[in-house]
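Trainee: A single structure is presented below for examination.
The values are calculated or read from the model by the stated rules, or taken from the named source; none is laboratory data. Remember, predicted model here, so these are calculated numbers, not experimental data. With ideal geometry, Cβ positions are generated from the backbone for all residues, glycine too; neighbour counts draw on all protein chains shown. SASA here: full protein model, heavy atoms, side chains in, ligands and nucleic acids out. Shrake-Rupley method; radii C 1.70, N 1.55, O 1.52, S 1.80 Å.
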Amino acid sequence: FVQLLTEPFQAWTGFYTSRSTLKGIARRASSLLSAGESFFTQYVRKHPTSSICKCGALKQLQSLRWAVSEVQHHDGITGTESPKVKDMYVNNLMYGMFNVKKLMASIIFDMNNAKKNGEVYSSVYNKDSGIPDVDQYVVVYNPLAWNITTFVTVSVSHLEISVYDELGHSVPAQVQSSAESHSTYDLYILVAISGLSYRKYSVKPLNGKQSAFIGTSVKYKRKDITRADQQSQQLLPVVNSCYQVLFDQNTNLMHSITERETNQTVQLTQEFLEYHVNGDVMKGPISDNYLFAPNASAVPVSKAVELEVVSGNLMAEMRQYFYSNVTAQDYIYAVYTRMYTVPEGYDGKLLCHRIEQEYSVGPLELNREAVLRTSTNLNTRQLLYTDSNGYQIQKRPFKAYVNNTVARNYYPMVQTAYIEDDTTRLTLLAERAHGVSSQGNGQVEVMLHRRLWNNLQWDLNYNLTLNDSSVVRPVIWLILGTKALTSILYQTSSLALEHRPVVMFGALSGHKPKLPGQLQQNSVHSSAVTVPPNLHLQTLSIPGWRYSSNHAEQVHSIHMGKQKQGDADFSRVLLRIRHLYEVGEDPVLSQPVLVNLKSLLKGLGSVMLVEERSLTGTWDVNTLKRWKWKTAQYPSKGFSNSTEISENCIVTVHPKEIRTFFVYFQDQ
């Protein structure tokens with residue numbers, strides 16, 4: 001994203017948020033593509049004589065790969081296309097996602113020989129599918145190459161539920177009323193899964209044995225926040241092992257967060273505001289898909305807030321509903337805040353240290369731009385940090401301008417933004433792109449939604465007025481703590497948010513084997529692929545095309561018309577490994593990492609050859625002459641080749657480095 005100024009009063013910062021729903025679908029589709037590719041790659045390597053058509057499976061994956069690539073167009077993911085083109089992007093993404101979900105369900109079906117015992121169907125991040133009123137199981141795939149401990153959520157029709165693992169052991173779970181539906185309940189299942197593996201859980205109606213914990217609800221009266229008595233505050237605490245969050249019962253708003261390890265308390269409040277924008281070019285600057293041009297400062301939209309707290313042994317959910325006034329019938333915004341308590345025996349570091357928030361925003365009135373403003377008592381000097389392309393953090397100091405200061409201090413938040421003082425940092429992690437700004441000391445505001453119309457002839461000709469009447473449901477995780485703690489947590493947490501587990505449901509019918517045989521463990525789980533916590537296995541896929549290692553030869557064949565459609569090469573795997581940390585960011589995690597590729601991929605077969613490639617996989621790095629930049633450490637500059645791979649296939653991954661390989665396996 002690049003901020004462009006076409007005139008002194010115009011700022012191209014609106015597209016950071018335009019078409020938020022499309023931005024969210026595109027990010028989820030990209031994550032599902034990565035999960036589907038790694039799942040299929042392991043299946044092919046471990047089941048060479050499987051019943052699934054491998055070439056057909058590649059086409060299913062390619063349908064989503066194409067859709068994900070297509071939406072990266074500069075008038076795609078940006079939200080600057082017409083509604084007709086947006087619908088095309090969404091349809092293609094949904095079709096590709098359906099294909100990959102179907103493929104993953106088929107692989108589960110095939111590996112467990114379930115053809116006579118039931119069926120598997122899949123859903124991704126979707127609680128609405130629900131679970132049928134029969135004995136059934138939940139399959140959860142971890143798309144990250146780390147061991148994870150997290151919660152997955154499914155809808156159930158009964159309050160009294162039991163959950164078991166493959167061996168018939170009871171699994172911690174909590175069931176509670178749904179904030180979205182009066183006819184179903186939300187079941188939160190605590191899952192612990194090895195890297196790039198899946199596990200299966202049986203969900204059964206209660207039969208007198210151990211049941212899921214039941215969350216209890218307490219509703220607090222709607223409060224007029226404009227008449228709150230600040231002299232007699234009554235504070236409601238919600239606590240887990242890492243945080244204490246206080247809510248002001250005079251306003252039903254968040255009051256403060258205490259990080260319990262350091263006992264550091266930060267005053268923190270949140271409110272929704274809207275920027276009003278002009279739609280008549282004769283009356284001044286306009287906002288559109290590209291531009292953000294507010295008339296004035298943002299205006300608070302809510303005068304009354306309701307609060308409901310649903311709490312149980314494993315989690316607490318605070319549901320805040322924001323109304324235009326005390327007597328309004330329908331709420332206009334909502335926040336669902338979740339905090340988790342992890343039982344002994346589970347690694348709950350990441351779960352405990354995040355405060356999850358899900359928002360409901362819209363439909364907006366015309367020519368409104370909705371933001372969530374978080375205000376703290378941190379002395380940030382109005383300095384904001386955001387990620388650049390989801391990769392490196394950039395400092396964003398507030399600058400005063402003669403015209404349109406608000407919009408020109410908006411920046412893209414691809415995944416991460418934070419504010420800090422000398423000791424404490426508040427980090428925000430997002431699962432889709434947003435515009436973000438700090439309009440005051442100790443503040444960070446995230447633009448969540450836009451609905452616009454204007455009479456600019458160019459916009460009317462191309463239907464680029466962004467009359468988006470949808471309801472958006474973005475998710476942001478908050479992490480509060482010392483700079484050292486948040487530096488460690490935010491990288492792994494941001495990936496955990498982006499690559500959430502893939503959930504598939506299976507219903508058993510006819511003959512029903514008894515536990516544990518019904519859900520016995522499988523080869524995917526027994527041979528996990530795991531990298532150290534400062535690395536991310538970014539790609540594990542079968543490219544699906546025959547490609548000469550000599551790029552010049554490949555191009556020449558194409559130009560000469562000799563390139564023909566060949567069979568896919570299923571013995572070659574594309575592997576990318578990324579170092580998450582920058583130099584000096586952490587004394588331990590910022591160090592270079594040695595990776596034994598044979599050991600890492602031993603569960604996939606015997607590695608015969610490893611060939612390092614350029615980032616895209618196109619070039620053999622040994623044929624490249626890469627420029628070496630002049631630095632203080634290396635004052636001379638010149639051409640240099642990449643680090644060689646040892647005979648034992650051991651490679652070194654340096655801070656912020658991405659290394660790409662073709663890995664060739666022995667035929668099975």
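Trainee: Ordering Ile214, Ile148 by accessible area with a probe of 1.4 Å, largest first, what comes out?
Mentor: From most accessible down to least: Ile214, Ile148.
Trainee: Tally up the carbon and sulfur contribution to the accessible surface of region 215-499 as a whole percent, 1.4 Å probe, everything protein left in place.
Mentor: Using a 1.4 Å probe with all protein chains present, region 215-499 comes out at 46 percent carbon and sulfur.
Trainee: Every cysteine in the chain with no other Cys Cβ under 4.7 Å from its Cβ, please list them in numeric order.
Mentor: Those would be Cys53, Cys55, Cys649, since no other cysteine Cβ in the chain comes under 4.7 Å of theirs.
Trainee: Let me ask something else about it. Give me the distance in nm between label points sitting 7 Å out from Cα along the Cα-to-Cβ direction at Ile52 and Gln538, one decimal.
Mentor: The two pseudo-label positions are separated by 2.6 nm.
Trainee: How much FRET efficiency would the formula 1/(1 + (r/R0)^6) give for Ala400 and Lys483, where r is the Cβ-Cβ distance and R0 is 25 Å, rounded to 0.05?
Mentor: Approximately 0.35, to the nearest 0.05.
Trainee: Ignoring everything but the protein chains, give the 1.4 Å probe accessible area of Asp110 in square angstrom, nearest 10.
Mentor: Asp110 has an accessible surface of roughly 30 Å² with all protein chains in place.
Trainee: Run lengths n ≥ 4 of DSSP H only: what is the helix-derived mean residue ellipticity at 222 nm for the chain, with -39500 (n - 2.57) per run over all residues, to the nearest 500?
Mentor: So the calculated ellipticity at 222 nm is -5500 deg cm²/dmol.
Trainee: In nm, what is the difference between 0.36 nm times the number of residues separating Val471 and Tyr95 and their Cα-Cα distance?
Mentor: Answer, rounded to one decimal: 133.2 nm.
Trainee: Would you calculate the separation in nanometres between label points at Val326 and Ala568, each defined as 7 Å from the Cα along the Cα-to-beta-carbon direction?
Mentor: Between Val326 and Ala568, the label points sit 6.4 nm apart.
Trainee: Round to the nearest 10 and report in Å² the accessible area of Lys303, as given by a 1.4 Å probe over the protein chains' heavy atoms.
Mentor: Here the accessible area works out near 110 Å².
Trainee: I'd like the distance separating the alpha-carbon centroids of region 351-372 and region 138-210, in whole Å.
Mentor: What the calculation gives is 26 Å, centre to centre.
Trainee: Related question: Any chance you could run the full-extension gain for Tyr220 through Thr262? It's 0.36 nm times the residue separation minus the Cα-Cα distance, nm to one decimal.
Mentor: Result for the pair: 12.0 nm of gain on full extension.
Trainee: Put Ser183, Ser38 in order of accessible area, largest first, 1.4 Å probe: what do you get?
Mentor: Descending accessible area places them as Ser183, Ser38.
Trainee: Computed FRET efficiency, Cβ-Cβ of Ser297 and Lys656, R0 45 Å: what is it to the nearest 0.05?
Mentor: After rounding, the FRET efficiency stands at 0.75.
Trainee: Turning to a different aspect of this structure: If you find the alpha carbon centre of region 11-34 and of region 258-302, how far apart are they in angstrom?
Mentor: Cα centres, region 11-34 to region 258-302: 20 Å.
Trainee: Full-extension gain between Ser69 and Leu366, please, as 0.36 nm times their residue separation minus the C-alpha to C-alpha distance.
Mentor: Full-extension gain reported as 103.7 nm.
Trainee: Tell me, what is the per residue accessible area of the chain in Å², probe radius 1.4 Å?
Mentor: 43 Å²
Trainee: Accessible area of Trp458, 1.4 Å probe, to the nearest 10 Å²?
Mentor: 120 Å²
Trainee: Got a sec? Which residues in region 211-254 would a label at Ala528 touch, if it sits 7 Å along Cα→Cβ and we count backbone N under 15 Å?
Mentor: Backbone N within reach: none found.
Trainee: In square nanometres, what is the average projected area of the Cα convex hull of region 215-499?
Mentor: Mean projected area for region 215-499: 16.5 nm², to one decimal.
Trainee: Just the Cα atoms of region 353-411: what Rg and Dmax do they give in Å?
Mentor: Both quantities, over Cα of region 353-411: 14.8, 41 Å.
Trainee: For P(r) over Cα pairs in 20 Å bins from 0, in percent, several values are listed as (1) 13, 27, 24, 17, 11, 6, 2, 0; (2) 17, 50, 31, 3, 0; (3) 15, 42, 29, 9, 4, 1, 0; flag the one computed from this structure.
Mentor: Given (1) 13, 27, 24, 17, 11, 6, 2, 0; (2) 17, 50, 31, 3, 0; (3) 15, 42, 29, 9, 4, 1, 0, the structure-derived one carries the label (2).
Trainee: Where does region 1-118 land on Rg/Rh, using Cα atoms and the Kirkwood Rh?
Mentor: 1.16
Trainee: Average projected area of the Cα convex hull of region 432-506, in nm²?
Mentor: In nm², the orientation-averaged hull projection of region 432-506 is 9.4.
Trainee: From the protein chains alone at 1.4 Å, what is the descending order of accessible area for Arg473, Arg19, largest first?
Mentor: In descending accessible area the options line up as Arg473, Arg19.
Trainee: Put a dot 7 Å past each Cα toward the Cβ at Glu160 and Gln234; how far apart are the dots in nm?
Mentor: Each label point is offset 7 Å from its Cα along the Cβ direction, giving 3.5 nm.
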